[in-house]
Amino acid sequence: MTDPAPKIKTESAAENLRLALSLMGKHGLPPTPVNYALMYFYVSGEDLDLNEKIDELLESRKGLTPEAAEELFSCHICQGNGPSNEALREELLSTVANILGMLIDLSGKTAMSSDKLEKHIDKLAHSKDPQEVLNVASDIISETRNMVDQAKQFESTLLDTTQEIEQLKDELYNARRQATMDALTGLNNRRGFDHALQDAIEDSNENGSGFCLLMIDIDHFKNINDTHGHLVGDKVLVGVAKMLHKFMRGNDFLARYGGEEFAVLLRDTPITGAFSVAENLRKGIEKLRLKHLKTGQQIGQVTISLGVAYYNKGESGDDLVGRCDKALYRAKTLGRNRTVLAD
């Protein structure tokens, strides 16, 4: 049997520590001082006889039992041709000092308090017995393991909490979305329109950016309901909503204002541009042909009438809607399927 080196260099202690702990974890060995010492000297590779016996035990059915570990520790480390107690103490101190150094480097990130670290250091400074050094090492390993377990538990809790927060945010978003969404057409509803209109007015008053409002009404919608029923009327509303949506740009705001009436906010758009958009919408709907899904019966041509108004700085949202609604009313009285500019 060959004597282990009386002292292992400090820079190699961390690697031996890592390998020893990894080996203990692999074979399910509890982090007792004796097991730690055996695995530490095993990975150092200085005592081939010790390594051979440990290999035999690890490969056996029983494994490395506490009794076998105690016997190997007594024969190969503390007695016989093994290193002297002083040499063993120096080696273990080197290893434990490395562990403490790593823990101190963690500063505030470690769960081990400075008081505990000072107590460990004080014990090591006054210890003469290798077994006591091993006990200190075992305490450090145990506390470090607890620190890691607590960190993992905290991380898991944090992850769960983050997921719960994200779920709540999604639910809140969906709740807000539903509160401002028209269930039938999937467009923004009157509530959503009121918020968007107020935002547009505030931006216009603060930044001087102009915008226009379009009020849209489906012509003769009551006749569609009376002739074909409300279910078909709903289909017409959905079809018109989809067609209007196709003409929207990125910053346009389309809403179902109520009943068969729709509203569009056109940001940064002059009145001439808004009139062109309105005419495009009108012509697009004019080409729309709908029929009853079950019977195949033609519903007939669907048309819309539109009022267009440019926001006058300082006026209220109600005043703007009122002017635009009057223009829409004139479009309907002039024969429908047309666009009229507000005064």
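The values are calculated or read from the model by the stated rules, or taken from the named source; none is laboratory data. None of these values were measured; they are calculated from a predicted model. Glycine also receives a Cβ, built like all others from the backbone with ideal geometry; neighbour counts cover every protein chain displayed.
Numerical summary
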{"item": "Some residue of region 224-233 being touching a Cys at 6+ places or on another chain (Cβ under 8 Å) and of a type in the set (A, V, I, L, M)", "result": "no"}
{"item": "Selected residue (criterion: nearest to the chain's Cα centre (by Cα)) from residues of region 201-236 that are farther than 23 Å from Tyr329 by Cβ and part of a loop (DSSP other than H, G, I, E, B)", "result": "Ser209"}
{"item": "Residue match in region 253-264 (condition: surrounded by fewer than 16 Cβ atoms within 10 Å (Cβ to Cβ) and without any contact (Cβ under 8 Å) to a residue 40 or more places away in the chain)", "result": "yes"}
{"item": "Residue under evaluation Lys332, criteria (1) touching a residue at least 60 places away in the same chain (Cβ under 8 Å); (2) touching a Cys at 6+ places or on another chain (Cβ under 9 Å), criterion not met", "result": "(2)"}
{"item": "Criterion: modelled with pLDDT under 95, more than 27 Å from Glu202 (Cβ to Cβ), under 42 Å from the mean Cα position of the chain (by Cα) and assigned by TED's automatic domain parsing to the domain that holds Asp199 - qualifying residue of Gly250, Gly239, Gly296", "result": "Gly239"}
{"item": "Flag if Arg289 is modelled with pLDDT of 95 or more and either touching a helix residue (DSSP H, G or I) at 6+ places or on another chain (Cβ under 8 Å) or surrounded by fewer than 16 Cβ atoms within 10 Å (Cβ to Cβ) (or both)", "result": "no"}
{"item": "Close pairs from region 60-73: first assigned by TED's automatic domain parsing to the domain that holds Leu29, partner charged (D, E, K, R), Cβ under 8 Å, at least 6 apart", "result": "Ala68/Lys62; Leu72/Lys53"}
{"item": "Number of the condition not met by Ile271 [criteria: (1) within 15 Å of Val240 (Cα to Cα); (2) at pLDDT 95 or above; (3) aliphatic (A, V, I, L, M); (4) surrounded by fewer than 19 Cβ atoms within 10 Å (Cβ to Cβ)]", "result": "(1)"}
{"item": "Options Glu279, Glu286: the member that is acidic (Asp, Glu) and without any contact (Cβ under 8 Å) to a residue 60 or more places away in the chain", "result": "Glu286"}
{"item": "In region 46-76, residue surrounded by the most Cβ atoms within 10 Å (Cβ to Cβ) [restricted to those that are of a type in the set (Gly, Ala, Ser) and either touching a Phe, Trp or Tyr at 6+ places or on another chain (Cβ under 8 Å) or in a helix (DSSP H, G or I) (or both)]", "result": "Ala69"}
{"item": "The one condition in (1) in the same structural domain as Leu288 (by TED's automatic domain parsing); (2) loosely packed, with under 13 Cβ neighbours inside 10 Å; (3) over 16 Å from Ile304 (Cα atoms) that Glu166 fails to fulfil", "result": "(1)"}
{"item": "Count of region 315-343 residues which are in contact with a helix residue (DSSP H, G or I) (Cβ under 7 Å, 6 or more places away or on another chain) and at positive phi", "result": "1"}
{"item": "Residues satisfying the stated conditions in region 298-343, i.e. surrounded by 15 or more Cβ atoms within 10 Å (Cβ to Cβ), under 22 Å from Thr272 (Cβ atoms) and aliphatic (A, V, I, L, M)", "result": "Ile304, Leu306, Val308, Ala309, Leu320, Val321, Ala327, Leu328, Ala331, Val340, Leu341, Ala342"}
{"item": "Qualifying residue in region 222-231 (condition: of a type in the set (A, V, I, L, M), crowded, with 21+ Cβ neighbours inside 10 Å and either within 19 Å of Asp319 (Cβ to Cβ) or assigned by TED's automatic domain parsing to the domain that holds Asp194 (or both))", "result": "yes"}
